[in-house]
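**Student:** Quick one: the structure is below, questions incoming.
The values are calculated or read from the model by the stated rules, or taken from the named source; none is laboratory data. Because the structure is a prediction, the values reported are computed rather than measured. No Cβ is skipped: glycine too gets one built from the backbone with ideal geometry, and neighbour counts run over all protein chains shown. Accessible surface areas use protein heavy atoms only, side chains included; no ligands, DNA or RNA. Shrake-Rupley method; radii C 1.70, N 1.55, O 1.52, S 1.80 Å.
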Amino acid sequence: MFVVMQLRRLWLGHNPLRRRVDRLEAALLMIVLVAALLVIPAAAAFGTTIRNRAEHSAAEERAEARPVQVRTLGNTAEAVPSSPGLTTTSVPVRWFDTSGSRHEGKVDVLIGTKAGTELTIWLDRDGAMTRGPRPPADSTALGVAAGVTMPLLAWPLLLASFGLARRPLDHRRAQAWAREWEQVSPRWTRPQY
């Protein structure tokens, strides 16, 4: 019953005081409300798509890179950060490949890491150090952020569009009221003798 009452109030139902402009505004409001509701499943689909693409990209990165265990050669307990707030420093590391060849390189570790600490680095197909693949939680967070951002951008845009579309309707309504007042006002504003 509530829904029927709201539909009658907004658009449907016969009311002799409701003008064509009022019905047009109500129809426009219904369109905006339906579009605002449709943004929710669209945002969910968009967030899911972004998450799937990010996870697919991370899976490709994992397929092209391989993890290797390395040992730190230096001690960073007394290291001083190069800039305030920095919590990492570069330290030499050593690892052996599958053929037993020894390799060395530098990686960033937390200040306070002791020599001989075992770490995991990632190597590309050529054996060069590369950035590690994105964890699945990052892909999920990216998808959630995209899904939440879509309504936060779409709803104000829909509201602004409705406000802009109402301006000419309000102008027409004001003109109609002025015309009707010109017809009625002589009867109401007769001079009193």
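**Student:** Output yes when any residue across segment 65-80 is touching a Ser or Thr at 6+ places or on another chain (Cβ under 6 Å), at pLDDT below 80 and either open to solvent by less than 60 Å² (accessible area, probe 1.4 Å) or of a type in the set (Lys, Arg) (or both), and no when none is.
**Tutor:** Taking every residue of segment 65-80 in turn, at least one turns out to be touching a Ser or Thr at 6+ places or on another chain (Cβ under 6 Å), at pLDDT below 80 and either open to solvent by less than 60 Å² (accessible area, probe 1.4 Å) or of a type in the set (Lys, Arg) (or both).
**Student:** Which of the residues that make up segment 108-134 are touching a Leu at 6+ places or on another chain (Cβ under 9 Å) and either exposed (fewer than 15 other Cβ atoms within 10 Å of the Cβ) or more than 30 Å from GLU55 (Cβ to Cβ) (or both)? Explain how you work it out, then say what you get.
**Tutor:** Looking only at segment 108-134, we keep the residues that are touching a Leu at 6+ places or on another chain (Cβ under 9 Å), and these are 109, 111, 113, 115-116, 129-130, 134.
Hits for segment 108-134 are ILE111, THR113, ALA115, GLY116.
**Student:** For segment 51-64: of the residues being of a type outside the set (Lys, Arg) and within 21 Å of THR149 (Cα to Cα), which is least open to solvent (accessible area, probe 1.4 Å)?
**Tutor:** ALA54
**Student:** Six or more apart or on different chains, Cβ atoms under 8 Å: show the pairs whose first residue is in segment 130-159 and over 17 Å from ALA45 (Cβ atoms) and whose second is modelled with pLDDT under 95 and open to solvent by 70 Å² or more (accessible area, probe 1.4 Å).
**Tutor:** Filtered contacts from segment 130-159: GLY132/PRO67; GLY132/THR120; PRO133/ARG62.
**Student:** Let me ask something additional. In segment 135-149, is there at least one residue being open to solvent by less than 40 Å² (accessible area, probe 1.4 Å), out of contact with any Ser or Thr (no Cβ under 7 Å at 6 or more places or on another chain) and of a type in the set (Ser, Thr, Tyr)? Let's see the steps before the verdict.
**Tutor:** So the first thing to find is which residues in segment 135-149 are open to solvent by less than 40 Å² (accessible area, probe 1.4 Å), and the list is 139, 143, 146-147.
The next check asks that each one be out of contact with any Ser or Thr (no Cβ under 7 Å at 6 or more places or on another chain); those that pass are 139, 146-147.
Narrowing further to those that are of a type in the set (Ser, Thr, Tyr): 139.
Yes, that holds for at least one residue.
**Student:** For ALA43, all conditions in the list (1) closer than 30 Å to HIS171 by Cβ; (2) touching a residue at least 60 places away in the same chain (Cβ under 8 Å) hold save one; what is the number of the exception?
**Tutor:** Of (1) closer than 30 Å to HIS171 by Cβ; (2) touching a residue at least 60 places away in the same chain (Cβ under 8 Å), only one is false for ALA43: (1).
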